[in-house]
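The block underneath contains the structure these notes are about, expressed in structure tokens.
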Amino acid sequence: MGDNLKNTYLGAPARVLEVENLTSIEKLYTLRFLDNDINNKFNFIPGQFVMFNVPGIGEFPVSICSSPTRTGYLQLCIRRAGRVTKYVHENIVEGSIVYIRGPYGNGFPLEEMKNSPIVLVAGGLGMAPLRSILLYHLDTQHFSDLYLFYGVRNYELMLFKREIRTLLRGYYNVHVYLSFEDIDRGARELIRLYRKSIVRGMVTDALEVLRGSVPFEESYAVMCGPPVMYKFVVKKLLDLKVRPDRIYMTLERRMKCGIGKCGHCIVGTSTSIKYVCLDGPVFTYWDVLSTKGLIE
Amino acid sequence: MHYKKLPKEFLEEFINRLRKWGEVHAPQKKGKNTYFFSRLDDPSKVQIDYTRTVIPPTKKYVLRPVEPLMLFHGDRAEEHTLRTTKLVLFGVHACDINALKILDRVYLSEPRDPYYEIRRKNIVIIGISCMPDDYCFCKSMGTDYAMSGFDLFLHELRDGYLIRVGSPMGHEITWNISDILEEVSEEDIEYLKKFEKQRLSSFKRHVDISAMPDILDLAYNSRVWERYSERCLGCGNCTLVCPTCRCFETYDVWLSVNTSMRVRRYDSCFMVSHGLVAGGHNFRPTRLDRFRHRYYCKSYFDPIHGINCVGCGRCDEFCPAGIKHIEVLNEVIGEIYGR
């Protein structure tokens, strides 16, 4: 160890307990820190992220997709998207050691949302950070109602299939609506079983179909998805009368440090510079209005 | 503030005595008109009237262009141990001192950057007054005078230097070398006043920053950005020489079959990869996006600390396409006024 350095850029070693194939390009990694003290102390807010450090290969930011109510382990949904994640998919298996540092970022303001209805809008991989809120709600009944709108290209690419199919069957105050752009075999089967919960098209189409049956005016809305999605979903949510100060979104940027040093995630103009890693990754609609370039 | 005077004949002696607090680095000449900070072995080589160094001394000594962060042996990791030497930077200009304060804000805010912190703690800063040249616009940015951030600051007098003592370390130094120091006389104060008056009236470049952040923000779609970005080569020189640009990129290097090293190096927002994420999406895909981004980042008005640019003029002097930061700003501002 270095003399008086504090492992700021290294993190703590963690062992991969389990690897689950979610789709052909996404895997769910369950990890546990080697140091029990860290396991006990590690606490986070849904929406926060960690840096996933693979010795000799590189490091990337990834949002936590397990719930802070389920302690002792950490789940990360990783898509094979680039050089490092390709290595992770091919070489990080049960028992592998990686280094994790965090949690970083602000997370969702759950206290403010307590006992209100919440609308989660996920697109593709955007389901991962929102699953943290979903599980948190299942464990604590934090919201009065939870409406999940999950848009995905086809059933094959849908994440957390087992969990979502269970919730589709109906669970107390959790309501799940799915939208598929292409109807493949799995999607056809779901349509047969849960006709009212499945929409063909984009996630905005699903929101439109549910106009009138979801209390949008009183709800908080939280969204996550690919960069192109935000503009359309924000427009639809405003159209559905969600209050602008209740629209939250979590964003992605290149990050090399996670702690506001490396400068890659800086967005904004001369009146409003924001670090996605420090000021975000969760932003409100007001942030979007005052910070150019936050969403496209 | 505590003031002392150093007679001119003791300048070399003063530099030699500074060695007690660390290795003295000072501006020296390379080639015809290029200055750089490096170790000063012969005090007579110091270029006390230098204009600006290529790489800002403050950035050079706290953030290395390339530095190892950690070593991996298989799964085991260890942090890179820093070999730090105590340094005395002699002859730092006010703009660079103010720039270091901006870097401090970034790197010493929690969680602190340990590599930066260790280097920073081992640096003694001796500032020196200067006359603006054709490129300086620090006065417009409010950074032409250092009120803090130094240990000692030297102001040129007719027959010596007025020393401002800015820290306990500065006091320690003046205390130890009190035999070559004098008290400041009335005449010295008069000279300082005259010098400052002349300095303030020598600036050739100005930009009005009071409403600049808003005007630039409103000019997001200005054609001026487009025109200049077409001239820009995208080389990143301006970010390299900027005393407040401090983006870094990390990468891994394999040293042997089971040993690797995580390294960081300077990065530039002019590089295509700066806004690129895995999967191929680029948040700043065009040169226009990147060009404008740098101007916005530099012109960001922090409600507490002010603007991120210190007006040192390096990006103007060293731009191979001859783009002048302040001209771009003035043109964008002018355009929106004229509309």
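Remarks
- The range B:113-165 - residue that is aliphatic (A, V, I, L, M) and within 21 Å of B:Cys315 (Cβ to Cβ) and, of those, surrounded by the fewest Cβ atoms within 10 Å (Cβ to Cβ): B:Met131
- Residue ID - surrounded by the most Cβ atoms within 10 Å (Cβ to Cβ), chosen from residues in the range B:34-83 that are over 19 Å from the mean Cα position of the chain (by Cα), part of a helix (DSSP H, G or I) and in contact (Cβ under 8 Å) with a residue 24 or more places away in the chain: B:Pro43
- Some residue of the range B:3-24 being surrounded by 15 or more Cβ atoms within 10 Å (Cβ to Cβ) and at positive phi: yes
- Cβ-Cβ contacts under 6 Å between residues 6 or more apart (or on different chains), taken from a first residue in the range A:97-110 that is within 12 Å of chain B (Cβ to nearest Cβ) and within 17 Å of A:Lys274 (Cα to Cα) to a second residue that is of a type outside the set (A, V, I, L, M, F, W, C) and surrounded by 21 or more Cβ atoms within 10 Å (Cβ to Cβ), are listed as A:Tyr104/A:Gly258.
- Restricting A:Val199, A:Val203 to residues that are more than 20 Å from the chain's Cα centre (by Cα) and of a type in the set (A, V, I, L, M) narrows the list to A:Val199.
- Residue tally, condition touching a helix residue (DSSP H, G or I) at 6+ places or on another chain (Cβ under 8 Å) and away from every other protein chain (no Cβ under 14 Å), over the range B:65-97: 10
Residues are listed down the side, and each one gets a yes or a no for (1) touching a helix residue (DSSP H, G or I) at 6+ places or on another chain (Cβ under 8 Å); (2) surrounded by fewer than 24 Cβ atoms within 10 Å (Cβ to Cβ); (3) under 27 Å from B:Val277 (Cα atoms); (4) not acidic (Asp, Glu):
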position: A:Val199; (1), (2), (3), (4): yes, yes, no, yes
position: A:Val209; (1), (2), (3), (4): no, yes, no, yes
position: A:Pro215; (1), (2), (3), (4): no, yes, no, yes
position: A:Pro227; (1), (2), (3), (4): no, yes, yes, yes
position: A:Leu238; (1), (2), (3), (4): yes, yes, no, yes
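- Here the range A:43-74 is the region considered, the condition is being in a loop (DSSP other than H, G, I, E, B) and hydroxyl-bearing (Ser, Thr, Tyr), and the residue that is nearest to the chain's Cα centre (by Cα) is A:Ser66.
- Residue that is surrounded by the fewest Cβ atoms within 10 Å (Cβ to Cβ), among those in the range A:95-143 that are assigned to a strand (DSSP E or B) and among the small types (Gly, Ala, Ser): A:Gly102
- Condition check for A:Tyr29: surrounded by 16 or more Cβ atoms within 10 Å (Cβ to Cβ), at pLDDT 95 or above, in contact with a Phe, Trp or Tyr (Cβ under 9 Å, 6 or more places away or on another chain) and more than 9 Å from chain B (Cβ to nearest Cβ): yes
- Answer from A:Gly263, A:Gly258 - the residue that is at the interface with another protein chain (Cβ under 8 Å from one of its Cβ atoms) and either surrounded by fewer than 24 Cβ atoms within 10 Å (Cβ to Cβ) or out of contact with any Ser or Thr (no Cβ under 9 Å at 6 or more places or on another chain) (or both): A:Gly263
- Hits in the range B:186-223 (condition: in contact with an Asp or Glu (Cβ under 7 Å, 6 or more places away or on another chain) and more than 14 Å from chain A (Cβ to nearest Cβ)): B:Phe195, B:Lys204
- Condition broken by B:Met131, with the remaining ones in (1) within 14 Å of another protein chain (Cβ to nearest Cβ); (2) among the hydrophobic types (A, V, I, L, M, F, W, C); (3) touching a residue at least 24 places away in the same chain (Cβ under 8 Å) satisfied: (1)
- All told, B:Cys232 falls short of being out of contact with any strand residue (DSSP E or B) (no Cβ under 8 Å at 6 or more places or on another chain), closer than 19 Å to A:His264 by Cβ and more than 10 Å from every other protein chain (Cβ to nearest Cβ).
- The residue that is nearest to B:Leu218 (Cα to Cα), among those in the range B:256-303 that are hydroxyl-bearing (Ser, Thr, Tyr) and facing chain A (nearest Cβ under 10 Å), is B:Tyr296.
- When the range A:163-185 is filtered for residues that are modelled with pLDDT under 90 and either of a type in the set (Gly, Ala, Ser) or in contact with a helix residue (DSSP H, G or I) (Cβ under 7 Å, 6 or more places away or on another chain) (or both), only A:Gly170 remains.
- Count of residues meeting criterion [at positive phi and crowded, with 18+ Cβ neighbours inside 10 Å] in the range A:7-26: 1
The values are calculated or read from the model by the stated rules, or taken from the named source; none is laboratory data. Just so it is clear, the structure is predicted and the values come from calculations on it, not from any experiment. So basically every Cβ, Gly included, is an ideal-geometry build from the backbone, and we count neighbours across all protein chains shown.
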